[in-house]
Number of protein chains: 2
Amino acid sequence: MLYDIAIVGGGPAGCSAAVTAANRSLSALLLDTGDFGLALRKSALVKNYLGMPDRSGAELMDAFTAHMKAAGTTVVPHKVLSILPREKHFYLATPGEVYEARSILLCPGASHGKPLEGETAMLGKGVTYCATCDGYLYRGKTIGVVTNLPSAWEEVEFLAGVAGEVKLWADFPLPEKRPANVQTMEGKPRKVLGEERVEALETTAGTEKLEGLFLLRETDPLDRLLPGLRLDGPFIRVDDNLATSVEGVFAAGDAVGYPWQINKAAGEGQKALLSAASWLRENPV
Amino acid sequence: MLYDIAIVGGGPAGCSAAVTAANRSLSALLLDTGDFGLALRKSALVKNYLGMPDRSGAELMDAFTAHMKAAGTTVVPHKVLSILPREKHFYLATPGEVYEARSILLCPGASHGKPLEGETAMLGKGVTYCATCDGYLYRGKTIGVVTNLPSAWEEVEFLAGVAGEVKLWADFPLPEKRPANVQTMEGKPRKVLGEERVEALETTAGTEKLEGLFLLRETDPLDRLLPGLRLDGPFIRVDDNLATSVEGVFAAGDAVGYPWQINKAAGEGQKALLSAASWLRENPV
């Protein structure tokens, strides 16, 4: 199926865009790791989402995803590995499948921040962003996994079933029952070390030898996700209509600028969706 | 009292700004006719305010004003007649009182649209925007009142107590009990007629002779409200930070551009308030 729009990221901006897409009778696919608004979920108390005072971030996100799902959005619980522009539409590759959409709305949040030192140089040389894609390359080996995604636990278990040893840096509470070869590590990852290939990960608690490093995050670096996407410092460059430098690709929310506020993100999700709707009318299949 | 910021208009943008002001410990004064979000209140069903699906506009506005009031905002239930910039602060004149604030946030909504034909030429020559200011000039005379504000009913009664006859064009349900000299009129006002002074109002249902014309609307024409405020067509001109052409004055919501959506307005209210907060820090008293 060719969707009218693929929304990448299911935080406030993405959920708001999906609801507005439904109101405009556009077919929308929303792709998210399954964590939905990880940054917001960490807020204990949000006082200024207008009309819903004094809720936790998790309560708000639950209301937002319920609204988004009730609107009939098709949700894909996988992160997008890459977006390929083709004539008249885009391919979106996830670990499991490839999807097609006529336009793209990027709502990846603020967490696409800068890579670890050495990460970009070692990409494809032991550093990877996809457990199911590359796990089999590390059969019996010692690997590292760095993740902030509760939803990535399944992938950690998958990797543990393949690799010899898994050194895990995770910043969320882990299940009690863990595979015997998963070792939870201290310290904050700082630098990927290696000459031809990954050899170790330097952290604030010391350096650990590794043969492969899986970085499982909400969003991979954006210029890798979509080549040609222009950035302004840490932000996706957009015009007044929230169009990016790539034709047919729009962006909204924390990824396009400050302030990092829920109403702002949700409002931009609406605005970007309506810009995409205009673009779709002007660029029929 | 000198407020940090005066918010003109209590729709979604203004309420959102007031809540954010409270979070930033800024003293905020919110001025509104008392109708709070008149345009939104007319919506029977709003499907896309994220997290609160399928509410009426009135239900949403009630939630927004409750949130705004709970945040400790000082509310003035009067419209602003004019804003006077003075060194280091602004005076805001209402029919009853003058207020002072260090910065201004304009959230007048979309309804500040264009004046009636002939309105601007006859301003001060029989056309007026303030019942309590100018009512006494029309003792015993025949006047017209054009209003879309339920909150203006009190002013209509006040004018009826002064004038000889009141011809009323109102687009909301009126109380059963009305002063005997108030005559409700048909038709949509189109043009103010007169040479030296107002002589009549032309409507889609005919022309009515008048000696004075009171236009009681949510917001008066913006370039009259604040001289020097630059517009872009029907919108207030703002930069990326939602600053207007007048130093210390910011704007948000439907008045600064499309789309006219609640999340967008509320998000801009937050953003403009935070821009004003930065400006206040950089321009101490």
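The values are calculated or read from the model by the stated rules, or taken from the named source; none is laboratory data. Predicted model only: the values in this text are computed from it and were never measured. Every residue, glycine among them, receives a Cβ derived from its backbone with ideal geometry; neighbour counts consider all protein chains shown.
So here's what we get for this one:
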{"item": "Count of residues meeting criterion [touching a residue at least 12 places away in the same chain (Cβ under 8 Å) and within 9 Å of chain B (Cβ to nearest Cβ)] in the stretch A:62-91", "result": "4"}
{"item": "Residue that is surrounded by the most Cβ atoms within 10 Å (Cβ to Cβ), among those in the stretch B:133-149 that are under 16 Å from the mean Cα position of the chain (by Cα) and modelled with pLDDT under 90", "result": "B:Leu149"}
{"item": "Filter result for the condition that a residue is among the aliphatic types (A, V, I, L, M) and in contact with a helix residue (DSSP H, G or I) (Cβ under 6 Å, 6 or more places away or on another chain), over B:Val162, B:Val156, B:Val146", "result": "B:Val162"}
{"item": "Condition check for A:Thr120: modelled with pLDDT under 95, over 20 Å from A:Gly96 (Cα atoms) and surrounded by 14 or more Cβ atoms within 10 Å (Cβ to Cβ)", "result": "yes"}
{"item": "Residues within the stretch B:15-55 that are surrounded by fewer than 22 Cβ atoms within 10 Å (Cβ to Cβ), within 22 Å of B:Ala272 (Cα to Cα) and at the interface with another protein chain (Cβ under 10 Å from one of its Cβ atoms), tallied", "result": "3"}
{"item": "Residue ID - nearest to A:His67 (Cα to Cα), chosen from residues in the stretch B:44-85 that are among the charged types (D, E, K, R) and within 22 Å of the chain's Cα centre (by Cα)", "result": "B:Glu59"}
{"item": "Which numbered condition A:Arg102 fails, given (1) among the charged types (D, E, K, R); (2) touching a helix residue (DSSP H, G or I) at 6+ places or on another chain (Cβ under 7 Å); (3) within 14 Å of another protein chain (Cβ to nearest Cβ)", "result": "(3)"}
{"item": "Answer from B:Leu168, B:Leu174 - the residue that is of a type outside the set (Phe, Trp, Tyr), outside any strand (DSSP E or B), within 21 Å of B:His78 (Cα to Cα) and not assigned by TED's automatic domain parsing to the domain that holds B:Leu81", "result": "B:Leu174"}
{"item": "Which numbered condition B:Ala110 fails, given (1) among the small types (Gly, Ala, Ser); (2) surrounded by 17 or more Cβ atoms within 10 Å (Cβ to Cβ); (3) at pLDDT 90 or above", "result": "(3)"}
{"item": "Single condition A:Val75 does not satisfy, out of (1) touching a Ser or Thr at 6+ places or on another chain (Cβ under 9 Å); (2) closer than 19 Å to A:Thr244 by Cβ", "result": "(2)"}
{"item": "For A:Gly212: the one exception among (1) in contact with a Leu (Cβ under 6 Å, 6 or more places away or on another chain); (2) in the same structural domain as A:Lys167 (by TED's automatic domain parsing); (3) not β-branched (Val, Ile, Thr)", "result": "(1)"}
{"item": "Residue list for the stretch A:233-283, filter: within 14 Å of another protein chain (Cβ to nearest Cβ), crowded, with 24+ Cβ neighbours inside 10 Å and assigned to a strand (DSSP E or B)", "result": "A:Phe250"}
{"item": "Filter pass, A:Gly37 being under 24 Å from A:Arg224 (Cα atoms) and modelled with pLDDT under 95", "result": "yes"}
{"item": "Any hit, the stretch A:145-166, residues being in contact with an Asp or Glu (Cβ under 6 Å, 6 or more places away or on another chain) and aliphatic (A, V, I, L, M)", "result": "yes"}
